[in-house]
Ligand code: PGA
């Protein structure tokens with residue numbers, strides 16, 4: 001049985017002092033030992049959020065990371081900076097990074113490989129636009145994203161990866177994909193991983209759904225056979241996140 005992983009993606013929200021307040025507020029609400037709980041926060045919030053989360057089941061993750069070890073890359077965060085403070089998860093290739101910061105499948109692949117090199121679990125985002133869904137190319141497009149993201153990644157590494165399927169049209173729009181749509185694509189992703197590697201790898205890898213997940217949609221989504229949790233934006237900044245994490249109670 002795959003353990004569920006429910007992650008918040010704070011995006012560009014919360015100052016360091018607000019981050020401490022939010023972690024303290026959510027700490028008792030997300031205390032579900034049956035799932036992995038991750039708060040992916042802005043780089044400057046990582047250290048204070050970790051201090052605030054001490055002794056709880058909350059893992060603090062990053063929202064991005066560069067694919068070089070160090071050097072003249074002004075403004076970037078290196079993998080060693082993350083591991084030095086104990087970060088174990090990093091979101092890679094979120095659609096907002098692809099859209100506003102020119103990230104491509106190739107840079108996603110570089111970041112995924114670098115994260116594994118440093119022992120950080122990448123939460124690898126993929127997802128189609130509304131136009132692609134309407135053109136009927138969703139699965140083809142997602143398969144391409146996945147195949148490139150996993151180039152030169154070993155099966156042992158892939159088993160530990162987390163994939164977040166996030167249809168772009170469902171992000172921040174309140175328009176959640178139907179359970180059937182989400183399950184269909186998550187299943188196709190697992191089949192793609194089985195093709196690249198083998199059934200054992202596909203069985204172990206965890207696949208999240210993301211896009212307007214709420215306390216009311218989470219239980220049905222997370223009950224699907226190929227959905228192993230969620231990547232949650234807006235609702236991760238509110239007490240609602242506690243209900244999402246406790247979807248099984
Ligand atoms: P949302 O964001 O839950 O606000 O739609 C999800 C995400 O972008 O990870």
* Asked: Hey, among the residues in region 151-170 that are part of a loop (DSSP other than H, G, I, E, B) and touching a strand residue (DSSP E or B) at 6+ places or on another chain (Cβ under 8 Å), which one's farthest from the ligand (Cβ to nearest atom)?
  -> 161
* Asked: If we keep just the residues of region 219-233 that are within 11 Å of the ligand (Cβ to nearest atom) and either free of Cβ contacts under 8 Å to residues at least 12 places away in the same chain or more than 18 Å from residue 159 (Cα to Cα) (or both), which is surrounded by the most Cβ atoms within 10 Å (Cβ to Cβ)?
  -> 232
* So residue 173, is it surrounded by fewer than 17 Cβ atoms within 10 Å (Cβ to Cβ), within 16 Å of the ligand (Cβ to nearest atom) and modelled with pLDDT under 95 -> yes
* Asked: Across region 198-212, what is the total count of residues that are under 22 Å from residue 95 (Cα atoms) and in contact with a helix residue (DSSP H, G or I) (Cβ under 6 Å, 6 or more places away or on another chain)?
  -> 5
* Report whether or not residue 139 is at pLDDT 95 or above and under 17 Å from the mean Cα position of the chain (by Cα). => no
* Just name the residue that is farthest from residue 30 (Cα to Cα) out of those in region 176-188 that are within 16 Å of the ligand (Cβ to nearest atom) and under 18 Å from the mean Cα position of the chain (by Cα). => 185
* **Those residues of region 234-249 which are within 17 Å of residue 4 (Cα to Cα) and within 11 Å of the ligand (Cβ to nearest atom), in sequence order** => 236, 241, 244
* Structure fact -> Those residues of region 190-218 which are assigned to a helix (DSSP H, G or I) and within 16 Å of the ligand (Cβ to nearest atom) amount to 218
* Output for region 45-80, where each listed residue is closer than 17 Å to residue 19 by Cα and in contact with a helix residue (DSSP H, G or I) (Cβ under 6 Å, 6 or more places away or on another chain) -> 45, 48, 49, 52, 53, 60, 62
* Structure fact -> Condition set within 16 Å of the ligand (Cβ to nearest atom) and assigned to a loop (DSSP other than H, G, I, E, B), scope region 5-29, selection surrounded by the fewest Cβ atoms within 10 Å (Cβ to Cβ): answer is 12
* Asked: In region 227-249, how many residues are more than 14 Å from residue 25 (Cβ to Cβ) and in contact with a strand residue (DSSP E or B) (Cβ under 7 Å, 6 or more places away or on another chain)?
  -> 8
* Structure fact -> Of the conditions (1) away from the ligand (no atom under 16 Å from the Cβ); (2) within 25 Å of residue 230 (Cβ to Cβ); (3) in contact (Cβ under 8 Å) with a residue 40 or more places away in the chain, the single one that residue 68 does not satisfy is (2)
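The values are calculated or read from the model by the stated rules, or taken from the named source; none is laboratory data. Since the structure is predicted, the reported quantities are computational estimates derived from the model, not experimental observations. Cβ: placed from backbone, ideal geometry, glycine included. Neighbour counts: every protein chain shown.
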